[in-house]
Amino acid sequence: MSSMTTLIAVYTGDGCAGRCDAKCYNAWGPECHWICQGANHGAGKQEAIENTRELGEAWLEHARAGGVDISAAEVLANARHEPLFSLDGAR
């Protein structure tokens, strides 16, 4: 079973108002109703992380302009910046 990574999530006073996760970046169909505005739709996880790193703030501004009263937003740490180093294989 693979884990579902949420790349970006937006919250209002009523809870989660939108997110972009594996249902989006692993999608096969043509429609996208996620906060990424289709940029991550079917793109695969790595490209979606890169898109979120580059475009995340613009997506939040677009949601605000559309009348979404955002009380909080979360962006996956890997989508915020490049890691400084990898601990793979380190003990």
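No lab work stands behind these numbers, since they all come straight from the coordinates. Source: prediction; values computed, not measured. Reconstructed Cβ throughout: ideal geometry from the backbone, glycine too, with neighbour counts over all protein chains shown.
Observations
- Extension gain for the segment residue 62 to residue 37, taken as residue separation times 0.36 nm less the Cα-Cα distance, is 8.1 nm to one decimal.
- Net charge contributed by nearby residues that have their C-beta within less than 12 Å of residue 47 (K/R +1, D/E -1): 0
- A simple count of charges around residue 63, restricted to other residues whose Cβ falls under 12 Å of its Cβ and scoring Lys, Arg +1 and Asp, Glu -1, yields -1.
- Taken along its principal axes, the alpha carbon cloud of the stretch 1-49 reaches lengths of 31, 25, 17 Å, longest axis first.
- Relative protection proxy for 32-45, 51-64, from highest mean packing down: 32-45, 51-64 (other beta-carbon atoms within 10 angstrom).
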